[in-house]
Amino acid sequence: MTKAEQRDLGDSNSPIEDELEDAFNRMVGEGTQRLHRPWHEVLTTGFFGGTEVALGVLAYLSVLSATHNPLLAGLAFSIGFLALLLGRSELFTEGFLVPVTTVVAKRASVGQLLKLWSGTLLANLIGGWLIMWLIMTGFPKLRAQTIESASHFVDAPLGPESIALGLLGGMVITLMTRMQHGTDSVPGKIAAAIAGAFLLAGLQMFHSILDSLLIFGALIAGGTPFGYLDWLAFFGYTLVANVVGGLGLVTLLRLIRSKDRLKDERADAES
């Protein structure tokens with residue numbers, strides 16, 4: 001079948017299936033808006049993203065402390081992802097599929113992508129630290145559980161297991177983003193958020209922002225055998241693994257799948 005015949009089969013004149021065309025247009029449209037925001041909007045959105053994920057951490061710690069079941073706690077953590085979804089805030093690791101597709105489509109620049117990544121990452125950490133301080137102050141009974149949960153991550157040796165968990169963590173949250181942009185259904189988007197939270201938090205995958213907030217909470221609680229330098233070492237390799245997992249295992253494959261559509265979009269952008 002020729003490309004022209006393939007285009008004629010669908011409702012749109014696109015080289016990809018109609019469902020993928022709709023998802024592609026949603027991603028590029030949203031990505032263009034996100035990447036052209038000024039600094040103060042990037043930082044504000046990222047700050048709210050950090051605070052909302054921290055509330056998901058509060059739910060996670062509360063259920064884990066009561067049940068000692070990380071799978072149930074992972075479902076409770078979905079409150080954080082639902083807040084991100086419905087509140088239109090932003091988490092650093094959500095910034096792989098949509099913004100990168102937009103840059104490849106030539107609707108934004110690499111510099112704008114780096115601004116989004118750096119601003120969102122910094123604001124996520126600041127907002128998350130602030131809420132973890134409030135949580136440790138307001139819920140002292142959760143301090144022991146927070147230290148225990150944080151130790152699981154910060155004490156993990158750098159090796160094949162921790163790297164694999166970091167790669168999977170980046171893959172899962174980028175897959176969650178892909179699923180949410182693959183549908184207009186709000187219940188479908190909510191289901192994707194719950195599924196992502198269950199896998200990421202319930203299975204204790206390594207995630208640069210989520211796990212950093214747990215470690216911040218433990219450091220704020222005090223009495224830990226580790227400090228901020230230990231957090232930085234964990235954060236460094238987990239961040240790299242998340243980026244590689246999100247970009248290499250999901251985003252790159254989606255770009256390959258949509259390469260013909262991307263060619264058309266790039267040609268339109270250059271004309």
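One table, with the values for the structure above:
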{"item": "Whole-Hz couplings from phi, Karplus 6.51/-1.76/1.60, listed for region 44-60; x for Gly and Pro", "result": "5, 5, x, 4, 4, x, x, 5, 6, 5, 4, 5, x, 5, 4, 5, 4"}
{"item": "Principal-axis tilt of helix 208-221 within the chain, Cα atoms, nearest 10 degrees", "result": "20"}
{"item": "Placed amide H near T183: partners under 5 Å, 5+ positions off or other chain", "result": "none"}
{"item": "For the chain, size of Cβ-based charge dipole, Lys and Arg +1, Asp and Glu -1, in debye", "result": "420"}
{"item": "Estimated FRET transfer efficiency when R0 is 45 angstrom, pair S151-D18 (beta carbons, to 0.05)", "result": "0.35"}
{"item": "Max mean-square fluctuation residue, GNM over the chain, Cα-Cα springs under 10 Å, options S185, S208, S118", "result": "S185"}
{"item": "Rel. contact order, % - alpha carbon contacts under 8 angstrom, at least six apart, the chain", "result": "27"}
{"item": "Helix 186-197 vs. the chain, principal-axis angle (Cα, 0 to 90°, nearest 10)", "result": "50"}
{"item": "Neighbour net charge for L114 - beta-carbon separation under 14 angstrom, K R +1, D E -1", "result": "+3"}
{"item": "Positive-pole candidate from L175, L71, L121, dipole of the chain, charges at beta carbon", "result": "L121"}
{"item": "Sum of side-chain charges, T183 neighbourhood, beta-carbon under 10 Å (Lys, Arg +1; Asp, Glu -1)", "result": "-1"}
{"item": "For the chain: lysine pairs under 14 Å (alpha-carbon distance), excluding those fewer than 8 apart on one chain", "result": "4"}
{"item": "R0 of 22 Å, Cβ-Cβ distance N69-D230: FRET efficiency to nearest 0.05", "result": "0.20"}
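Values quoted throughout were computed directly from the atomic coordinates according to the rules given, and no laboratory measurement underlies them. Here the structure is a predicted model, which is why all the values come from computation and not from measurement. Don't worry about glycine lacking a Cβ; one is built from the backbone with ideal geometry, like all the others, and counts go over all protein chains shown.
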